[in-house]
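What follows draws every value from the coordinates through simple rules; no lab data is involved. Just so it is clear, the model here is predicted, and its values are computed rather than measured. Here the Cβ positions follow ideal geometry from the backbone for every residue, glycine too, while neighbour counts run over all protein chains shown.
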Amino acid sequence: MDILNTMVSCGHEQVAMYSDPESGLRGIIAIHDTTLGPSCGGTRMWPYATESDALADALRLSQAMTYKSAAAGLNLGGGKGVIIGDPRTDKTEALLRAWGRFVDTLGGRYLTTTDVGTTGRDLESVRQETRHVVGLDVTLGGSGDTSLMTGLGIYMGMRAGAAGVWGADSLRGRTVAMQGFGKVAGHTAEHLLADDAHVIAADISEAALDRARAMGVKVVGADDIYDVKCDIFAPCALGGVINSDTINRLRCRIVAGGANNQLATPEDGEELHRRGIIYAPDFLINAGGVINAAAEIGQPYNPERSRQQTERIYEQMSAVLTTSRKQEISTSRAANLLAETRLDSVRRMRQIWRG
């Protein structure tokens, strides 16, 4: 990968790499844009096949965080941390504290929290070495589990999408097919079931499927989920699952889920639009987690304030649908426009202030 040219083409400000031989840490932090404030994004620990794969993930996810925070109205930029390693076997206190020292070298340009492969308990170890951590347990003065608000935001995005397609935002009687049934999907399903929706789930984890069954959710095979006849298809696991192969199999009117980077390519968003399938852009509706974390920055955490701001995802998704309809563009382009307009306006304001 031509790192500098890739950074320039995608607008990244900084990429930092770190190694600590004693703990075995090998990590990368990508800072995409700090126009609105310090970059914020989770630390992901994953056994990447190559360093290039880890770097590509950090670059892609940090850019998505910029758009997520901008669209949500937060005064935060986009960043992401990745640790190369298996969280089941390679994670130690020494490694996490080394990661905290790495985060601290950036002087607050990057605020970290949890992501795939890391937990709130892990953050406690990271916090021993840096203050630039959000999402600690509420007993430690933090905002706690981000998956609760993430699930709420996805549900609000689904309701806004339903209003755009069927003229009413109730999901009563609607069928939602969830690909992946982790913590975020589980919290989303709680809202859906309370709204008398029908939920069908697939996951490669038998433990996750057991949780789904205990909630009264119907379970199907991991690959069969694409073919389920449903109203809403909800990708809640891996990225890139909406692609030229899977789009042909979808039998839904709305795609709305919690996974990051659901579209394999920008063209896949355009293809959904051509087929009349409403896409709820992932960075827009899964922003509840970063909204929750942002609620503790510079002030005591207030869960009600966090909930109110997360519920505004409904309004933001509605605005995207309106722009998509009026300008005859895809919802993915409309959501990008929402974020880019805010970023550009702040950049222009800063230029005026600087004379």
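Residues in region 16-55, backbone N under 11 Å from the label point at R101 (7 Å along the Cα-to-beta-carbon vector): list them, ranges by number please. Once the point is set 7 Å along Cα→Cβ of R101, 19-25 turn out to lie under 11 Å by backbone N, inside region 16-55. Cα centroid distance between region 238-281 and region 150-224, in Å? Answer, in whole Å: 17. Against the compact-protein benchmark of 2.2 N^0.38 Å, the Cα-based radius of gyration of region 88-137 scales to 1.03.
Working from label points 7 Å from Cα in the Cα-to-Cβ sense, the S205 to S52 distance is 3.1 nm. The slack in the chain from R274 to D2, taken as 0.36 nm per residue of separation less the alpha-carbon distance, amounts to 94.5 nm.
Scaled against the 2.2 N^0.38 Å expected of a compact globular protein of N residues, the Cα radius of gyration of the chain reads 0.96. Can you tell me the 0 to 90 degree angle between the C-alpha axis of helix 313-327 and the longest principal axis of the chain, rounded to 10? On a 0 to 90 degree scale, this one is about 70.
With coordinates expressed along the principal axes, the C-alpha atoms belonging to region 234-355 extend over 48, 37, 23 Å, beginning with the largest. Each residue of region 213-224 was assigned a 3J(HN,Hα) from its phi angle through the Karplus curve 6.51 cos²θ - 1.76 cosθ + 1.60 (θ = phi - 60°); the sequence is 4, 5, 8, x, 8, 6, 10, 10, x, 4, 7, 6 Hz, with glycine and proline shown as x.
Is the shape of region 21-82 rounded, prolate or oblate, going by the alpha carbon gyration tensor and its root eigenvalues a ≥ b ≥ c, with a/c under 1.5 for rounded and a/b larger than b/c for prolate? Provide the component values of the computation, followed by the final result.
On the way: a/c = 3.02, a/b = 2.14, b/c = 1.41.
Here region 21-82 falls in the prolate category.
If neighbour count is taken as other Cβ atoms inside 10 Å, put L193, L76, L95 in order from fewest to most. Each step should come with its number before you reach the end.
On the way: L193 16, L76 26, L95 23.
In increasing order of surrounding Cβ atoms, one gets L193, L95, L76.
When the inverse distances between all different Cα atoms of region 3-133 are averaged and flipped, the Kirkwood radius reads 14.3 angstrom. Relative to the current alpha-carbon distance between E304 and L238, full extension at 0.36 nm per residue lengthens the span by 20.7 nm. Estimated from helical segments only, the mean residue ellipticity of the chain at 222 nm is -14000 deg cm²/dmol, where each DSSP H run of four or more residues counts as -39500 (n - 2.57). Under 23 Å between alpha carbons: how many lysine pairs meet that in the chain, if sequence neighbours fewer than 8 apart on the same chain are excluded? Going through the chain pair by pair, I get 8. Note on the chain: antiparallel DSSP beta bridges, both residues inside, total approximately 30 percent of the bridges counted. Tilt of helix 183-194 relative to the longest C-alpha principal axis of the chain, in degrees (0 to 90, nearest 10)? The answer is roughly 30 degrees.
Could you tell me the calculated FRET efficiency between R213 and I352, based on Cβ-Cβ distance and R0 = 41 angstrom, to the nearest 0.05?
0.10
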